[in-house]
Amino acid sequence: MAREQSSEAAAVQPLLEQFQQLFFISKIVGILPQDLDKFRSRNVLEKSRNGMIYMLVTLVVYVLLYNVLIYSFGEEDRTLKASQSTLTFVIGLFLTYIGLIMMGTDQLTALRNQGRIGELYERIRHVDERLYQEKCVLDNSTIGRRIRIMLGMTIIFELSILLATYIKLVDYTQWMSVLWLVSAIPTFINTLDKIWFAVSLYALKERFEAINATLEELVATHEKFKLWLRGDQEAAAAPPLDSSQPPQYDSNLEYLYKELGGLDMGSIGKGSSMSGSGKNKVAPVAHSMNSFGEPIDPSDKAGNRNPMASNMVHESELGNAAKVEEKLNNLCQVHDEICEIGKAMNELWSYPILSLMAYGFLIFTAQLYFLYCATQFQSIPSLFRSAKNPLITVIALSYTSGKCVYLIYLSWKTSLASKRTGISLHKCGVVADDNLLYEIVNHLSLKLLNHSVDFSACGFFTLDMETLYGVSGGITSYLIILIQFNLAAQQAKEAIQTFSSLNDTAGLVGAATDMYNSSSTLHDLVTTTMLTPTG
Amino acid sequence: MSPNTWVIEMPSQKSCSHPYPRRISPYRTPSLNRDAFTRDSPAAATSGPSTRSHNHPVFEDIRTILSVLKASGLMPIYEQVSNYEVGPPTKTNEFYSFFVRGVVHALTIFNVYSLFTPISAQLFYSYRETDNVNQWIELLLCILTYTLTVFVCARNTKSMLRIMNEILQLDEEVRKQFGANLNQNFGFSVKFLVGIAACQTYIIVLKIYAVDGVITPPSYILLAFYAVQNGLTATYIVFASALLRIVYIRFHFINQLLNGYTYGQQQKRKGGGGGGRRHRGNGQHHPTPNPAIMEHFPEDSLFIYRMHNKLLRIYKGINDCCNLILVSFLGYSFYTVTTNCYNLFVQITAKGMVSPNILQWCFAWLCLHVSLLALLSRSCGLTTREANATSQILSRVYASSREYQNIIDKFLTKSIKQEVQFTAYGFFAIDNSTLFKIFSAVTTYLVILIQFKQLEDSKVEDPEPDQT
């Protein structure tokens, strides 16, 4: 079926063509179960039983390796905190395994969605074809570049964190230390999965922007058209008047004159737009700043339009309401379809995003807290040894937060782009200044108002800047709580130590060691990670 | 076809003798709708509503839960006037409800009395002072919530009946118009009832086993009434969720109806008829409904708008009725979840003396409250989303004629600022994000509480008190 349609719209290249390298890598590390050959030959994602088995095998292998890592590096912790309480054990376990949970969520979700992801890209291709019919061509090559940049950055970050930690902080004389490489697997897999999501989201955003651009272009050509009409009219009388940007008061006055002269503006349709043209001079003023605060540059439009205005015959689609209605309707439908695709995509990735956000929050807090602990020369769990070095911590934090923030930012931008379409549509209405077109625009903008694309994590919270603010506030308050209690614990510990040094009898020393242990559980509450069940 | 035919026809059809007054159209067979909205056996689906006996009880789906609530005086024991109407309760039934409520209040007073006197001291056997206080507060909160529930229910008897009548009226109209019976399997309510009962009995048994010595009768009464209060409050929450689910099904019905007119479906219809320009239907995501014929749009849309308005009113009515109850329940549940999590952690971390009794007790409470919270927020969220989806679906209807466009515009304009929300007394909206907020708040409190406890423990063990 894809073949049949490709002849009809040969110029539309499928989005997935750009995903070649990403798919290859994802396939090898076991993120996507889909068939590799079919993807190579036809750019489709299809279910594959072998891929599924391969993925499950990789999942099991990763989980096993990670557990071996935790076990072997837990040796150091075991001697250190032999007397930890169960609570700290549980929390530590959770912090240790959150990476693994995240990876498992990603892989299992990919397995569950393996049929539906292909469908999603098929829908995007339909949208592309429809956009192509509306003479709105999309350039997918930027997406390919984006993927390569993101892949490169992922590899640089992972490698730098891994190598720096390995060289500086791991005892690499033992052969077991090679296992440390495994610690990078969950984050790497997670990042690859998120690149899929981010790039697809970016593609959707581009499509929204293409729709907006098409609408803006309609406005621009119509302005040229009107200028051309007027220039034609006024060329004989006053050539210098339209060579520069027309002064606003002048046209306003013209408008007033016409109004006062009893000309019925409403009845003058777009068909005879030369008489109605004066009114539209208001448009650049009214829209010199859109509601998103971005200035619309009137000067370069004016610069473009003037040289062309004199020597070209212009046609404006906005002049023909019946024809343009069809086009606007189609654009609206495509907009709705993109919104629906966005919703479907969000649903497919909702659990991975939730786990990523939980991971980001926990790891960010823990890493900063351990950094504090390390500066106070307290012991920290061995899996978080990167916190001993501030530079590595900075890199790791920027990597983790970059992932989360980029996703949130992109989701936010996409929903903003989808909302901008209404503004662009209204510009069409304003510039054409035609009753019939106004009606159409009003009708369609009501529809656009109801096309909502909001990205959320399972409905628990939306992905926008507000959430980002909330999360950073949460991290700060947790850090303050943790550090305060850590300080209190330190004080208690010091008190006990002075006490034990004062009464240096054998029995009391024993008791003091006990106390030392019990108070150290305070900062162990989050600190601890690994313990054997016997501990 | 005049767009208003059905409005004129309506009053004459009151007798319900002829269930399909308008049309049995080729594109919308009754069985289609029934397939979409009923889960009962296909035999019943084909027989249609006309074969049903006249005196089948209304709200059959939630009969069990209603009977429990009726018996406990929370719901009026209404009279069924016809298949689609309920009447106010008879004098004796009203008296019965009144009597039950009186007994409840008397017991409450007795319980509060025994809570403040040493009679109940043996129930608070716990090993630490703070735990006793916690349990105390929990008991008081429970009593408060239930008393509030009883009061609010007693006050809202009339509006509850009105809501029920409105729902029934709506059903009647739907049945006349489309021959669809909007029933659904409310198995979840019965499951929850059984679960609540089991949980409460389990908790009581645990409690009785935990108390050493002979339990005095007042303590027995206190415990039993405590369990009953908890159970009934929980039942009321389940009932509210079931009501919301009922509203959700109605919203879903009109959305499905409207979905037949969306451009995706229309294109599919044209494509099926043999060749529109765009032959690929892009409505893979709405596979269920058949595309409707555009000519029916004016009358259907009028009907849908009316239904939507009525449903919104019902939704608001339900919200008004259980507003206060929800607030107090959420507060109570928040407190219980926090204290139980805390107890659980204390039990786990306490070295050596893990008592399985308290562990089970905490787990039972946590299960009960978390599942109730999840149920409530889920049904609220679902219903709100479905109510808001109507305008979104309508915006997908692309009509060529100006007249139809105006119909669409009217509804869309109306719904611009109409934010449908289920609120807890206006304090906050209840949906999935509420669940998230509650749990994040619980986590924060837990971290603080546990930290304090550990600090306290280390201070207690510290023999030198002057170090601060």
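The values are calculated or read from the model by the stated rules, or taken from the named source; none is laboratory data. Note that the structure is predicted; figures quoted are calculated from it, not measured. Here Cβ is always computed from backbone atoms with ideal geometry, including for glycine, and neighbour counts include all displayed protein chains. Areas reflect the complete protein model, heavy atoms only, side chains present, ligands, DNA and RNA absent. Shrake-Rupley method; radii C 1.70, N 1.55, O 1.52, S 1.80 Å.
In table form, for the structure just shown:
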quantity	calculated
Whole-Å distance, taken between Cα centres, linking segment B:297-324 and segment B:378-419	13
Sequence of B:LEU311, A:LEU449 from largest to smallest accessible area, 1.4 Å probe	A:LEU449, B:LEU311
Order by protection proxy (mean Cβ within 10 Å, highest first), peptides B:137-147, A:332-342, A:33-43	A:332-342, B:137-147, A:33-43
Solvent-accessible ranking of B:GLU79, B:GLU456, largest area first, probe 1.4 Å	B:GLU456, B:GLU79
At most 16 other Cβ within 10 Å, DSSP loop - chymotrypsin sites (Phe, Trp or Tyr not before Pro), segment A:338-377	A:PHE377
Efficiency of FRET between A:CYS458 and A:SER501 - r from beta-carbon atoms, R0 51 angstrom, step 0.05	0.40
Calculated FRET efficiency for the pair A:ARG148/A:ALA213, C-beta based, R₀ 30 Å, to 0.05	0.75
Exercise: per-residue mean of other protein chain Cβ atoms within 10 Å, A:453-466	2
Difference of contour (0.36 nm per residue) and Cα-Cα distance, B:THR201 to B:GLU403	66.5 nm
Listed pairs A:LYS168/B:LYS453; A:LYS205/B:LYS410; A:LYS343/A:LYS403; B:LYS414/B:LYS437; A:LYS427/B:LYS414; B:LYS316/B:LYS410 exceeding 27 Å between Cα atoms	A:LYS168/B:LYS453; A:LYS205/B:LYS410; B:LYS414/B:LYS437
Residues A:LEU416 and A:LEU64, FRET efficiency given R0 of 45 Å [Cβ-Cβ distance, rounded to 0.05]	0.55
Surface accessible to a 1.4 Å probe, B:HIS105 within the full protein complex, Å²	50
Within-15-Å neighbourhood charge of B:LEU193 [Cβ basis; K, R +1; D, E -1]	+3
Rounded to the nearest 10 Å², the accessible area of B:ASP320 at probe 1.4 Å	100
